[in-house]
Amino acid sequence: MIRILFVKIILISFAGGLLCLDRVFIQAMISRPIIIASVVGIILGNPYTGLTIGAILELFWIDRVPIGIYIPPNDSVAAAFAASLAILAGQALGGVNHQLIALSVLIAIPFGIGVKKMDVKIVESNNVLSDQALQAAKSLDIRAIERKTYLGLAKVFLFYTAVLFILQIIFIPILIWIYPKLPAAVSAVLSMAYYFLPLLGIAVALNTIKLRGAIPVFCAIFLIFAAVMELLHVF
């Protein structure tokens, strides 16, 4: 059991590190939370949980776009970590539930912000490689340019892979041990958080909409939907 868990952690670390490269290379949007968490879910045999966590984090940081020199929180690492944490802990505990998903997301969010600070350091160090590549271009040294490019990519890949491995190897056993011991009151709060987090994400997403009247229309639709669901529940 422990050996299988360790192998899965290594696999997710490698796959997550590879997908996170999209943040600095190609940028085909495969590093977005809804994609990377879903891929983690597919690898671990629970795509539904991966998609759920990815959707929550996608909404949560949808307004944080890397424009110019601004570096947003690392939602890719947070999504991969949260999905792996929820699914692997759930497999050990007998199943993934709403409380476990909410707790995993809440644990992962601060690390997305923390990894951002390391992203800044990596960008600064890659600027040195970029300057060296420009010097090599002046002398038409194509091989040197290739080496600097590959070195920068390798640095980013190894960093993300190591971060994901360390986070998983520490927090998955802790969560497996502590989750069954949580008081009923904490479980109730986590159950409410599971529904609150998507609403918070929707609020963030609505903040990015510039169409006049869009927010009142959405709120009206949401209230009608909630009323219909309540009536169906009553009858």
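Structural remarks
- Test result for GLY68, at pLDDT 85 or above and out of contact with any Cys (no Cβ under 7 Å at 6 or more places or on another chain): no
- The set of residues from region 28-68 being small (Gly, Ala, Ser) and buried (at least 22 other Cβ atoms within 10 Å of the Cβ) comprises SER31, ALA37, SER38, GLY41, GLY50, GLY54.
- LEU158 vs. criteria more than 23 Å from LEU57 (Cα to Cα) and at pLDDT below 90: no
- Any hit, region 69-87, residues being open to solvent by 50 Å² or more (accessible area, probe 1.4 Å) and among the aliphatic types (A, V, I, L, M): yes
- Number of positions in region 181-197 that are open to solvent by 60 Å² or more (accessible area, probe 1.4 Å) and either touching a Lys or Arg at 6+ places or on another chain (Cβ under 8 Å) or not hydrophobic (A, V, I, L, M, F, W, C) (or both): 3
The values are calculated or read from the model by the stated rules, or taken from the named source; none is laboratory data. Since we're looking at a predicted model, the values are computed, not measured. Positions of Cβ are backbone-derived with ideal geometry, glycine not excepted, and every protein chain shown enters the neighbour counts. For the accessible areas, the whole protein counts, side chains as well, though only heavy atoms, and no ligand, DNA or RNA atoms are used. Shrake-Rupley method; radii C 1.70, N 1.55, O 1.52, S 1.80 Å.
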